[in-house]
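Enquirer: Sending over a structure as structure tokens; questions will come in a sec.
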Amino acid sequence: KKKPDVIILNGDIGDFYGVSRHDKDPRRSLADELDAIRQFLFYLRKQFPSARILYKIGNHEARMEMFLVKNAPVLLGVSDFELPVLLKFDELNIELVPSLTLIRLGSLPIYHGHELPQGMSSPVNPARGIWMRVQESLICGHWHRTSEHTESTGLDKKLSSCWSTGCLCDLSPDYAIVNRWNHGFVWVETQADGNYEVTNHKIIDGRVY
């Protein structure tokens, strides 16, 4: 309805179950998963023909390269085995954002979340954990939970906010049947001067809040 100018797919669009390092069911096909991702991307492009679409490599997409590193290093650098080719980025005019790369919408920084130090956790919510790591404004996905934390720092009381976003995946995968995830996404409106307004939406029973 809002016709966004930019759509950021902020990592872990696919699970890449078949190339993970974890124990797995061999009956789950990587080919089927890649086909499902392609179908989603074609659908997204059809809905938003003029939007700029960025696809960030999250820790799940990174499984593909790590699998090649460990099991088939001779295929590293062969374009046919790289995600932009497998997922038809050129045909769909989708821009690749490499893993660990910072995205900015105006002056708002965006990470997937796996880029941050993992040794620090928060007893409150993911957004507070993000803030404790960076102490400046930042949006992350990764934790599959909608949360926000705002705090001031320094003598000048500089105010910053961090957000974690909900996910758009199955809420009860077999590797994490019990969890604290929720569906959601974030909407950001930016101004020419770099200022921004963030609305962190939840999706409950198919309705957006």
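Enquirer: Given the residues L138, L108, which is the only one that is touching a helix residue (DSSP H, G or I) at 6+ places or on another chain (Cβ under 7 Å), closer than 28 Å to L159 by Cα, surrounded by 15 or more Cβ atoms within 10 Å (Cβ to Cβ) and at pLDDT 95 or above? Reasoning before the result, please.
Expert: Numbers: L108 fails: touching a helix residue (DSSP H, G or I) at 6+ places or on another chain (Cβ under 7 Å).
None of the other options fit; the residue is L138.
Enquirer: How many residues, within the stretch 150-175, are among the aliphatic types (A, V, I, L, M) and surrounded by 12 or more Cβ atoms within 10 Å (Cβ to Cβ)? Before the answer, list the steps.
Expert: Narrowing the stretch 150-175 to residues among the aliphatic types (A, V, I, L, M): 155, 159, 168, 171.
In the following step, the residues that additionally are surrounded by 12 or more Cβ atoms within 10 Å (Cβ to Cβ) were identified as 168, 171.
Adding up the residues that qualify gives 2.
Enquirer: Still on this model: Return the residues of the stretch 182-209 that are open to solvent by less than 60 Å² (accessible area, probe 1.4 Å) and at pLDDT 95 or above; say none if nothing qualifies. Spell out the reasoning first.
Expert: We begin by selecting, within the stretch 182-209, every residue open to solvent by less than 60 Å² (accessible area, probe 1.4 Å); these are 182-184, 186-188, 194, 198-201, 203.
Scanning the stretch 182-209 gives N182, H183, G184, V186, W187, V188, V198, T199, N200, H201, I203.
Enquirer: Does the stretch 37-68 hold any residues that are open to solvent by 70 Å² or more (accessible area, probe 1.4 Å) and within 24 Å of L100 (Cβ to Cβ), and which are they?
Expert: Within the stretch 37-68, the subset open to solvent by 70 Å² or more (accessible area, probe 1.4 Å) is 39-40, 42-43, 46-47, 49-50, 52, 65-67.
Within the stretch 37-68, F40, R52, E65, M66, F67 qualify.
Enquirer: Please go through the stretch 132-190 and give me each residue that is under 30 Å from R28 (Cα atoms) and of a type in the set (A, V, I, L, M, F, W, C), ordered by number.
Expert: Result: C140, W143, C167, L168, C169, L171, A176, I177, V178, W181, F185.
Enquirer: For the stretch 34-86, enumerate the residues that are closer than 20 Å to D23 by Cα and either in contact with a strand residue (DSSP E or B) (Cβ under 7 Å, 6 or more places away or on another chain) or acidic (D, E) (or both).
Expert: Correct list: E61, E65.
Enquirer: Just the residues that are of a type in the set (S, T, Y) and within 24 Å of T101 (Cβ to Cβ), please, taken from the stretch 147-172.
Expert: Initial filter on the stretch 147-172 (of a type in the set (S, T, Y)): 147, 150, 152-153, 160-161, 164-165, 172.
S147, S160, S161, S164, T165 - these are the residues of the stretch 147-172 that are of a type in the set (S, T, Y) and within 24 Å of T101 (Cβ to Cβ).
Enquirer: Inspect the stretch 167-177 for any residue being outside any strand (DSSP E or B), of a type in the set (V, I, T) and touching a residue at least 24 places away in the same chain (Cβ under 8 Å) and give the result as yes or no.
Expert: The initial filter retains those residues of the stretch 167-177 that are outside any strand (DSSP E or B), namely 168-177.
Narrowing the set further to residues that are of a type in the set (V, I, T) leaves 177.
The next check asks that each one be touching a residue at least 24 places away in the same chain (Cβ under 8 Å); those that pass are none.
Taking every residue of the stretch 167-177 in turn, none turns out to be outside any strand (DSSP E or B), of a type in the set (V, I, T) and touching a residue at least 24 places away in the same chain (Cβ under 8 Å).
Enquirer: Here's another thing I want to ask about it. Quick check: is even one residue across the stretch 78-97 open to solvent by less than 10 Å² (accessible area, probe 1.4 Å) and of a type in the set (V, I, T)?
Expert: no
Enquirer: Right, next: Could you count how many residues in the stretch 178-204 are assigned to a strand (DSSP E or B), of a type outside the set (A, V, I, L, M, F, W, C) and touching a Gly at 6+ places or on another chain (Cβ under 6 Å)? If you could, list the steps in order and put the result at the bottom.
Expert: Within the stretch 178-204, the subset assigned to a strand (DSSP E or B) is 183-190, 196-204.
Next, from what is left, pick out any that are of a type outside the set (A, V, I, L, M, F, W, C): 183-184, 189-190, 196-197, 199-202.
Retained after the next criterion (residues that are touching a Gly at 6+ places or on another chain (Cβ under 6 Å)): 183-184, 190, 196, 201-202.
Of the residues in that region, 6 qualify.
Enquirer: Take R133 and decide whether it is of a type in the set (D, E, K, R) and under 24 Å from F16 (Cβ atoms). Talk me through it step by step, then tell me what you get.
Expert: Working: of a type in the set (D, E, K, R): yes; under 24 Å from F16 (Cβ atoms): no.
It is false that R133 is of a type in the set (D, E, K, R) and under 24 Å from F16 (Cβ atoms).
Enquirer: Report yes if some residue within the stretch 13-24 is among the hydrophobic types (A, V, I, L, M, F, W, C), in contact with a helix residue (DSSP H, G or I) (Cβ under 7 Å, 6 or more places away or on another chain) and at pLDDT 95 or above; otherwise report no.
Expert: Taking the stretch 13-24 as the starting set, the residues that turn out to be among the hydrophobic types (A, V, I, L, M, F, W, C) are 13, 16, 19.
Next, only the ones that are in contact with a helix residue (DSSP H, G or I) (Cβ under 7 Å, 6 or more places away or on another chain) stay: 13, 16, 19.
Filter again for at pLDDT 95 or above, leaving 13.
Checked the stretch 13-24: at least one residue is among the hydrophobic types (A, V, I, L, M, F, W, C), in contact with a helix residue (DSSP H, G or I) (Cβ under 7 Å, 6 or more places away or on another chain) and at pLDDT 95 or above.
The values are calculated or read from the model by the stated rules, or taken from the named source; none is laboratory data. Just so it is clear, the structure is predicted and the values come from calculations on it, not from any experiment. As a convention, Cβ positions derive from the backbone with ideal geometry for all residues, glycine included, and neighbour counts pool all protein chains shown. All accessible areas refer to the heavy atoms of the entire protein, side chains included, with ligands and DNA or RNA removed. Shrake-Rupley method; radii C 1.70, N 1.55, O 1.52, S 1.80 Å.
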